[in-house]
Amino acid sequence: MTAEAAPVIDLPLPPEPGILETFRRGRLMRSDPLACTMRMYESEGPVVGQRMGLFRSVNLFGPDAVKHVLLNREGIFSNKQAWDLIIGKIFTNGLMLRDGEDHRYQRSIMQGAFKRPALEEYLERMNPQIAARLSHWKAADSFLVYPAFKRLTLDLACSVFLGIELGPEAERVNRAFEDTVAASMAVLRIRVPGLAWTRGLEGREYMVEFLRRLIPAKRKDAGSDMFSQLCRAENEEGDKFSDQEVIDHMIFLMMAAHDTTTSTLTSMMYELALHPQWQDRIREESRALGKDQIDFKDVESPGAIHLVMNETLRRYPPLSTMPRMARREFQYGGYRIPAGTMVVVFPIHMHHMSEWWTRPFSFDPERFTDTRAEHKRHSHSFVPFGGGAHMCIGFRFAEIQIRAILHQIVQRFRWSVREGYTMPVQQSPISKPKDGLPVRLEALA
Ligand code: HEM
């Protein structure tokens, strides 16, 4: 006897919630996607349809759903249509906002700027900049970690990404760049003076002109910054980026790298303050290297810092949510889901599913050791960098930068949080502490 396949039915949608309820839910989801998705999954299961006016979305939970959406084997899901709605006006034509053949072609050229020789050069550029910025950090009873990292990663963006010296021009570029990032979260999207959205559009225009002016020189010189690397990058067929492509990719890359790295570093500092035994372990490993600044080969050995970084990315994935647009009707979990539905998967929910992680709300870096390897229980249960064709191209760069920075910090400082402190986290759009993360910073001899 053969079991009859369960019938496929249309995805049920809840009644239209009305404008106030829509805003309330949107705000809740932005401020605490983990609590919202845990509740949703427990009460409604792994496939949850939603509607807001004409807009239809479906939230899919669990590693099989994450795999199905990210691998996108049947070409159902569009990155461009989803991300364009959210950041397309400011980060136009960034790599993540492209689909299919166009995306593959652009990515094949960009790979050149992320190969080992390029990464080694970036590390050489960052080390002295990190040392210079950390020399401004002073012992304090209440040192705000998040703004300090934002400043540091902006300095690094100027030097490593753009290859320009810090100074008045770099300050102007930083401001323009910060305006673009702030605008990508703006709710009111009309071009009226004074609005964050308008400042973001102006920031983009400034950056476009600034980058365009520098391109001829960057194409000629053999600079080791990312801008020069992109100007020179070519794929196996010898294709290169046009000027406009270099500009679009640079603006997107700076955004993709900046807040994600700042967020990860801040969350690591928090967990290391709560778990001084891990802070000491990382300090001991850094001291054992016997040098102020790391080399490329130091990044290749795993060590405590790698375990802590993974565990932090599990607990606080900077990108808690990944959207796609269904280009055509598809079936999932027994439901028929129509074309034009926004399909959303949630790394933050995936990373806290008790079916896949042991005591998922505890900080336990050892779960990433070879012996326990909890992240290998499913190919898509640990996805801080996404997966499939759009997997983060900068994940090695991110680890290099984070390790280079922490290596210098642990040798100069010890830090802690006050008794009973819990970091108030705003998880969306990019995870960050609402209070800047105040720590007691102590200088080491
Ligand atoms: C801890 C730091 C970082 C995290 C957690 C992170 C996370 C992610 C995730 C989840 C995606 C996939 C989004 C999606 O599929 O919708 C992504 C894509 C991307 N990231 Fe990162 N990222 C980080 C750092 C960086 C850095 C340092 C760079 C560049 C230097 C970078 C450049 C990119 C680019 C270009 C894409 C688009 C790739 C594509 O569409 O082919 N990221 N990142």
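Where a number appears in this text, it was derived from the coordinates with a stated rule and is not lab data. Not measured: the values here are computed from a predicted model. A quick note on method: Cβ atoms are made from the backbone with ideal geometry, for glycine too, and the neighbour counts reach across all protein chains shown.
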Query raised in the report: Over segment 346-437, what relative contact order in percent results from Cα pairs under 8 Å that are six or more residues apart?
Result: 15 percent
Report summary line: Ranked by GNM mean-square fluctuation in the chain (Cα springs under 10 Å), the top entry among ILE190, ILE430, ILE251 is ILE190
Requested in this report: Over all alpha-carbon pairs of segment 289-337, lay out the pair-distance distribution in 10 Å bins, whole %, shortest bin first.
Outcome: 18, 26, 21, 17, 13, 5
Query raised in the report: Non-local amide H neighbours of VAL343 (under 5 Å, H modeled in plane, Pro and chain starts lacking H): which ones?
Result: VAL58, ARG324, MET325, ALA326
Report task. Using Cα centres only, tell me the gap between segment 4-54 and segment 392-445 in whole Å. Result -> 33 Å
Requested in this report: Would you mind computing, in nm to one decimal, how far apart the modelled labels at ILE164 and GLU74 are, each placed 7 Å from Cα along Cα→Cβ?
Outcome: 4.8 nm
Query raised in the report: What FRET efficiency comes out for the pair GLN277/GLU42, r = Cβ-Cβ distance, R0 = 30 Å, nearest 0.05?
Result: 0.35
Query raised in the report: What FRET efficiency do you get for GLN331 and ARG232 if R0 is 51 Å and r is their Cβ-Cβ distance, rounded to the nearest 0.05?
Result: 0.65
Query - Added length on full extension, which subtracts the Cα-Cα distance from 0.36 nm per residue, SER142 to GLU124 - result: 3.3 nm
Report task. Using 0.36 nm per residue of separation minus the Cα-Cα distance, give me the extension gain between PHE395 and ILE190 in nm, one decimal. Result -> 70.4 nm
Requested in this report: With springs connecting C-alpha atoms under 10 Å apart, model the chain as a Gaussian network and identify which of SER381, SER224, SER142 has the largest mean-square fluctuation.
Outcome: SER142
Query raised in the report: Average projected area of the Cα convex hull of segment 117-199, in nm²?
Result: 7.6 nm²
Query raised in the report: Using the Kyte-Doolittle scale, which helices in the chain average at least 0.0 and also have C-alpha atoms spread 30 Å or more along the helix axis, with helices defined as whole DSSP H runs?
Result: 243-274
Query raised in the report: For segment 9-443, what ratio Rg/Rh do Cα atoms give with a Kirkwood hydrodynamic radius?
Result: 0.95
Query raised in the report: Which value, in Å to one decimal place, does the Kirkwood hydrodynamic radius take for segment 259-321 when every pair of different Cα atoms is included?
Result: 12.5 Å
**Report entry** Which of LYS67, LYS220 has the fewest Cβ neighbours within 10 Å, and the rest in rising order
**Finding:** LYS220, LYS67
Report summary line: Share (percent) of C-alpha pair distances in segment 111-255 greater than 18 Å works out to 61 percent
Query - segment 164-226 versus segment 273-340: alpha-carbon centroid distance in Å - result: 28 Å
Query raised in the report: With contacts defined as alpha carbon pairs under 8 Å and 6 or more residues apart, what's the relative contact order of segment 9-443 in percent?
Result: 26 percent
Query raised in the report: So what's segment 213-360 giving for Cα Rg divided by 2.2 N^0.38 Å, two decimals?
Result: 1.45
